[in-house]
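Visitor: First, the structure itself, so that you have it in front of you.
The values are calculated or read from the model by the stated rules, or taken from the named source; none is laboratory data. This structure is a prediction, so every number in the text was calculated from the model and none was measured. Backbone-built Cβ (ideal geometry, glycine too); neighbour counts: all protein chains shown.
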Amino acid sequence: MFRKVYPTFVLSGSLDKLVGIDSALEQLHLQLAPKDNDVRFIGIWGMGGAKQPLAKLVFERISHHFELSWFLSNVREVSGKQDGAGTFFTKKHLCNKKVLLILDDVHQLNQLKTLAGKKDWFGVGSRIIITTRDERLLVEHGIAIRYKVEVLKDDEALELFSQNAFKKNQPEEGFLELSRCFVHYAKGLPLALTTLGSFLYGRDQDKWKSAFDNLRKIRNPTIFHSLRVSYDGQEEIDKKIFLDVACFHTGKDEEQVIEILDSIYNISSRIRIDILIEKSLLIIEKFHDHKSVQMHDLIQEMAWEIVHLESPEEPCQRSRLWHGDDISHVFMHNSGTGAIEAIGLRLPKLEEVHWDCSEAFSKMHQLRLHEFDNVIVSSGPKDLPNSLRIIRWSWYPSKSLPSSFEPRFLVKLNMKHSKLSHLWDGAKVLSNLKVIDLCYSDQLTSTPDFTGIPNLEFLLLGFCTSLVEVHSSFAVLKKLTFLDLMDTNIKSLPSEVELDSLKRFIFYYNAKNIRRFVEQLNNLSHLYLNGIVFEQIRPSIEHLVGLKELKLLRCTKINKMVLSSLNRFTSLETLNLRFCNIGEGAILDDIGCLSSLKYLHLCGNDFVSLPSSIRFLSKLEFLGLKWCKRLERLPDLPLNIRSVNVDNCISLFSIGKPLCMRFRACVRFF
């Protein structure tokens, strides 16, 4: 009766030589422990085309330990036909049997509840194995033992491909390089390796070359449809986010991607990203100091094909444009439509394109994201869609934004290296705008009235060398956290400010009211000043005891009294005093009080020695002394220090013994 209720999967052929499976089997065997008497649920999860081979081999290897064993490969169909009979039968008749049950490709929680609801449905020693693309199903069903199936390594992938393409473990003579091309394309996915290998079996090299040339032009239907199953089961918002990431955001920092998606869809996207990871559609790769959003290459190609299929012949009817030829077609033919939601083109180096943008945006009423990076267009737009949430357009060609542009949804405006002289005339109400970045716009002469932009958080105007003043309304931007005025020609700053949230301030060279301006910034954590007579501004920063980073580049008149005032900054992690003409004896023993200091930059100064108290900086990781030409000796340094740069310290002759013994490799000499 059970076989009528639950049709089984019949294994065909031997799986003893299944490639890349040994290590996975070893890890799973410890969890399965088929001779133990408890009932165990084990989850195997990962992207499409990677799990079933492992589950098949597990079934073949351990089924002899059980009284009854079934491999259900058609879980979607079986669970959909149940009227309760299968559940009743399982609970009544299998509770006294030692059972091995494998449920392959589960995609809904109710499938688990129907076919394997609780442990007490099965007899002692039973093992219930569930394969799925969705880790969350396993979590919600209370399955604590979960194994993620990874893609194959290169050598394993080549072997599996060869078994299908040549019916042996290595490529035939003359086919090695071609085989490697296909293996590289498959990126370790067993489904792709077996599908492509089988397709190429028995064909000559010319056919192989032709097939490879077509790989990215004509999608393999078996691979595409298998991978698309994961996409089709998502909610609409998750489909949109997945396609956005695939087309525009792979490789970007996770936090940056979340900020972009939050802005575009006006939601909290962090949980949606987590869902896509659980569904095996996204990957987070961890680096030293950040996390990057990635996806398998074939998953990304599947996403691109989904967008392409929205309108195979006309790019203007697709929701997303990221390929240069498609964008060129739309712009050159002025064929933009309301179907286009996002445009993104990021080039590795600056390139001029001869596109007429004047009328290109006039019909794109649903455009939310526009990104041109390193793209120089010949003419600017007469119109921009008011629907835009994010504009990132470096090298923008016009002197201002279109007069008709009223972007009430706009969150981020990034136009570095632009030809803007001003953004717009008069005041605009832009309550959603959080970021204005116009750095390196060397023709910018004025900024807008900020009165109608109360939620602005970032105002970045660094290297706008023609800018002589910022509209006074910026002084009351209560949510502003980052103000960059590096290398501008601003001569005066407001004497009264209400920048209660400002954390980071960058300003180069003296300006009227600089001291009064800084002393009102009570919550600063990062302060960068260049070319300031520091003695004039010192009293205004002594209260900033919460500073984490202080950078004083080429600031003159830094003496003993000035440096002694720094000992109160116990939260300081980075101190940068490069080229400040600091002489011998100016750095006092008090420097040992900077208990949080990690990075100390003293390059280009005139002292002969450093105080011995520097060894008490227990968290110090880096000490920069490059171009300290009078430096003669170094004291013992903290045990945790990782790098010391003494390039061009031409007078240095004495180094503390611990440094010599322990850090010979990391000390950089002239």
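Visitor: Consider Glu255 carefully, then state whether it is among the acidic types (Asp, Glu) and without any contact (Cβ under 8 Å) to a residue 60 or more places away in the chain.
Guide: Against the criterion (among the acidic types (Asp, Glu) and without any contact (Cβ under 8 Å) to a residue 60 or more places away in the chain), Glu255 qualifies.
Visitor: Then there is this: Since His354 meets every condition but one in (1) in contact (Cβ under 8 Å) with a residue 24 or more places away in the chain; (2) in a helix (DSSP H, G or I), which condition does it not meet?
Guide: (2)
Visitor: A follow-up question, please. Can you pull out the residues in the range 151-200 that are among the hydrophobic types (A, V, I, L, M, F, W, C) and without any contact (Cβ under 8 Å) to a residue 12 or more places away in the chain?
Guide: Residue satisfying the conditions is Leu176 alone.
Visitor: Then there's this: Only one of these conditions is not met by Leu401: (1) within 25 Å of the chain's Cα centre (by Cα); (2) surrounded by 20 or more Cβ atoms within 10 Å (Cβ to Cβ); (3) among the hydrophobic types (A, V, I, L, M, F, W, C). Which number is it?
Guide: So the condition that Leu401 fails would be (1).
Visitor: Moving to a separate point now. Among (1) assigned to a loop (DSSP other than H, G, I, E, B); (2) in contact (Cβ under 8 Å) with a residue 24 or more places away in the chain; (3) under 26 Å from Leu57 (Cβ atoms); (4) out of contact with any Pro (no Cβ under 9 Å at 6 or more places or on another chain), which single condition is Leu215 missing?
Guide: Condition not satisfied by Leu215: (3).
Visitor: Oh, and also: In the range 445-460, is there at least one residue being surrounded by 18 or more Cβ atoms within 10 Å (Cβ to Cβ), farther than 30 Å from His365 by Cα and of a type in the set (Phe, Trp, Tyr)?
Guide: Checked against the condition, which is being surrounded by 18 or more Cβ atoms within 10 Å (Cβ to Cβ), farther than 30 Å from His365 by Cα and of a type in the set (Phe, Trp, Tyr), the range 445-460 yields no hits at all.
Visitor: Which ones in the range 192-212 are more than 12 Å from Ala157 (Cβ to Cβ), assigned to a helix (DSSP H, G or I) and not acidic (Asp, Glu)?
Guide: Thr195, Ser198, Phe199, Leu200, Gln205, Lys207, Trp208, Lys209, Ser210, Ala211, Phe212
Visitor: For the range 219-251, give me the residue count where each residue is part of a loop (DSSP other than H, G, I, E, B) and either of a type in the set (Lys, Arg) or at positive phi (or both).
Guide: 2
Visitor: Residues of the range 117-138 being of a type outside the set (A, V, I, L, M, F, W, C), in contact with a strand residue (DSSP E or B) (Cβ under 8 Å, 6 or more places away or on another chain) and over 14 Å from Leu68 (Cα atoms), which ones?
Guide: Lys119, Thr131, Thr132, Arg133, Asp134, Glu135 - these are the residues of the range 117-138 that are of a type outside the set (A, V, I, L, M, F, W, C), in contact with a strand residue (DSSP E or B) (Cβ under 8 Å, 6 or more places away or on another chain) and over 14 Å from Leu68 (Cα atoms).
Visitor: Consider only pairs whose beta carbons are under 8 Å apart and that are at least six residues apart or on different chains; among these, list those whose first residue lies in the range 464-491 and is at positive phi and whose second residue is in a strand (DSSP E or B).
Guide: From the range 464-491, the pairs are Asp487/Tyr508.
Visitor: Sticking with this one: Looking only at strands (runs of 3 or more DSSP E) that lie completely in the range 56-162, which have at least 2 residues being under 30 Å from Lys187 (Cα atoms), modelled with pLDDT of 90 or more and touching a helix residue (DSSP H, G or I) at 6+ places or on another chain (Cβ under 9 Å)?
Guide: By residue number, 99-106, 127-132, 145-148.
Visitor: Name the pairs whose Cβ atoms lie under 6 Å apart, with the first residue in the range 624-647 and in contact (Cβ under 8 Å) with a residue 24 or more places away in the chain and surrounded by 15 or more Cβ atoms within 10 Å (Cβ to Cβ), the second of a type in the set (Gly, Ala, Ser) and not in a loop (DSSP other than H, G, I, E, B), and 6 or more positions between them or separate chains?
Guide: If the second residue must be of a type in the set (Gly, Ala, Ser) and not in a loop (DSSP other than H, G, I, E, B), the pairs left are Pro635/Ser612; Asn645/Gly624.
Visitor: Anything in the range 612-625 that is small (Gly, Ala, Ser) and either modelled with pLDDT under 90 or assigned to a loop (DSSP other than H, G, I, E, B) (or both)? List them, or say none.
Guide: Within the range 612-625, Ser612, Ser613, Ser618 qualify.
Visitor: Additional query: For the structure I just gave you, tell me whether Glu177 is exposed (fewer than 15 other Cβ atoms within 10 Å of the Cβ) and either part of a loop (DSSP other than H, G, I, E, B) or aromatic (Phe, Trp, Tyr) (or both).
Guide: Here the answer is no, as Glu177 does not meet what is asked.
Visitor: Would you be able to say whether some residue in the range 14-21 is over 29 Å from Leu227 (Cβ atoms) and at pLDDT below 80?
Guide: Keep residues of the range 14-21 that are over 29 Å from Leu227 (Cβ atoms), which gives none.
No, because not a single residue in the range 14-21 is over 29 Å from Leu227 (Cβ atoms) and at pLDDT below 80.
Here is a yes/no grid of residues against (1) more than 31 Å from the chain's Cα centre (by Cα); (2) under 21 Å from Leu309 (Cβ atoms); (3) among the polar types (S, T, N, Q):
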position: Thr337; (1), (2), (3): no, yes, yes
position: Ile343; (1), (2), (3): no, yes, no
position: Pro348; (1), (2), (3): no, no, no
position: Glu352; (1), (2), (3): no, no, no
position: Ser358; (1), (2), (3): yes, no, yes
position: Lys363; (1), (2), (3): yes, no, no
position: Asp373; (1), (2), (3): no, no, no
position: Ile376; (1), (2), (3): no, no, no
position: Ser379; (1), (2), (3): yes, no, yes
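Visitor: Looking at the structure I just gave you, is Lys279 loosely packed, with under 15 Cβ neighbours inside 10 Å and either over 22 Å from Ser387 (Cα atoms) or of a type outside the set (D, E, K, R) (or both)?
Guide: no
Visitor: Where in the range 252-343 are the helices (runs of 4 or more DSSP H), entirely inside, with at least 3 residues that are at pLDDT below 95, small (Gly, Ala, Ser) and touching a Cys at 6+ places or on another chain (Cβ under 9 Å)? Write out each step before concluding.
Guide: On the way: elements: 254-265, 270-278, 297-308, 324-332.
So the answer is none; nothing clears 3.
Visitor: Hey, can you tell me all the residues within the range 626-649 that are among the hydroxyl-bearing types (Ser, Thr, Tyr) and in a loop (DSSP other than H, G, I, E, B)?
Guide: Of everything in the range 626-649, nothing turns out to be among the hydroxyl-bearing types (Ser, Thr, Tyr) and in a loop (DSSP other than H, G, I, E, B).
Visitor: What's the number of the only condition in (1) in a helix (DSSP H, G or I); (2) buried (at least 19 other Cβ atoms within 10 Å of the Cβ); (3) modelled with pLDDT under 70 that Pro53 fails to meet?
Guide: Result: Pro53 fails condition (3) only.
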